[in-house]
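Bear in mind that the values in this text are calculations on the coordinates, not laboratory data. Only a predicted model underlies this, so the values are computations on that prediction, with no experimental measurement involved. Cβ atoms come from the backbone with ideal geometry, glycine included; neighbour counts cover every protein chain shown.
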Amino acid sequence: MLLQKNDKIVFIGDSITDKGRKKDPLKLGSGYVRVLHDYLTAVYPQLSIKVINEGVSGNRIIDLERRWLLDVLDHRPQWVSVSIGINDVWRQLDSPEAEQVYPDRYEAVYRRLLERLKEEVPGSRAILMQPTIIREYLDATGNRLLVPYVEAVNRLAEEYDAVLVPTHQAFLDFLQAGTGQDLTTDGVHMNPLGDMLMATTWLKAVTGGV
């Protein structure tokens, strides 16, 4: 168990993290962040873990860089959980004429963010979630394009002693199991089962159990 009493966890990412947080009185949304908040509160009430959701729909890694100070560093968190990369690939598919964030740039920007966290919030630690999936079949173009982004997250987690949450692999394993059940509403955004898979994969990585 890595979490300690009164730890503050900032979750930052795109719509998968956001999940309607601005309409939620607790500002947590209805996705995996809410599942984690409720689990940590119910199972470890003595720790008084503070969960903050800073997801913003449509974000790519370059958007996280623009708001890293206000939405991450200024919170002075013990933990920062990052889930980003789906839109970095998705924009290549739905807006090929737009400015793109290819894997090398993605990794370079991500590295800058982790460097700032290390330097400006000493003692904090990152939790890096692999990008999940784009379409619910293994050989989808989006999933093939995601591979170098997932590999970048894996490298950065090792380089910065971050906790790696193997979300992409967990989703691939689920698809390979052939349950016939969907994890998303549209190939990207999670349904409740997808949110649960994200949350349980996070918990296994961070707490060692569910």
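Any chance region 9-25 includes a residue that's over 30 Å from Gln100 (Cβ atoms) and aromatic (Phe, Trp, Tyr)?
Step one: list which residues in region 9-25 are over 30 Å from Gln100 (Cβ atoms), which gives 9, 23-25.
So of that shortlist, the ones also aromatic (Phe, Trp, Tyr) come out as none.
Within region 9-25, none of the residues are over 30 Å from Gln100 (Cβ atoms) and aromatic (Phe, Trp, Tyr).
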| request: Check whether at least one residue in region 53-60 is without any contact (Cβ under 8 Å) to a residue 24 or more places away in the chain and charged (D, E, K, R), and report yes or no. | output: no
| message | Residues to consider are Gly194, Gly187; find the one that is over 16 Å from the mean Cα position of the chain (by Cα) and either on the phi < 0 side of the Ramachandran plot or not in a helix (DSSP H, G or I) (or both). | response | Gly187
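Residues being buried (at least 22 other Cβ atoms within 10 Å of the Cβ) and not small (Gly, Ala, Ser): count how many of those fall in region 80-94.
Of all residues in region 80-94, those buried (at least 22 other Cβ atoms within 10 Å of the Cβ) come to 80-89.
From the residues that got through so far, the ones that are not small (Gly, Ala, Ser) too are 80, 82, 84, 86-89.
So the count comes out to 7.
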| Selected residue (criterion: nearest to Ile133 (Cα to Cα)) from residues of region 179-210 that are among the hydroxyl-bearing types (Ser, Thr, Tyr) and surrounded by 14 or more Cβ atoms within 10 Å (Cβ to Cβ) | Thr184
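Picking from Ala205, Ala157, Ala177, Ala126, which residue would you name as being touching a strand residue (DSSP E or B) at 6+ places or on another chain (Cβ under 6 Å) and over 17 Å from Thr17 (Cβ atoms)?
Details: Ala205 fails: over 17 Å from Thr17 (Cβ atoms); Ala177 fails: touching a strand residue (DSSP E or B) at 6+ places or on another chain (Cβ under 6 Å); Ala126 fails: over 17 Å from Thr17 (Cβ atoms).
When all the criteria are applied, what remains is Ala157.
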| message | If Leu138 meets every condition in (1) in contact with a helix residue (DSSP H, G or I) (Cβ under 7 Å, 6 or more places away or on another chain); (2) outside any loop (DSSP other than H, G, I, E, B); (3) of a type outside the set (Asp, Glu) apart from one, which number is that one? | response | (2)
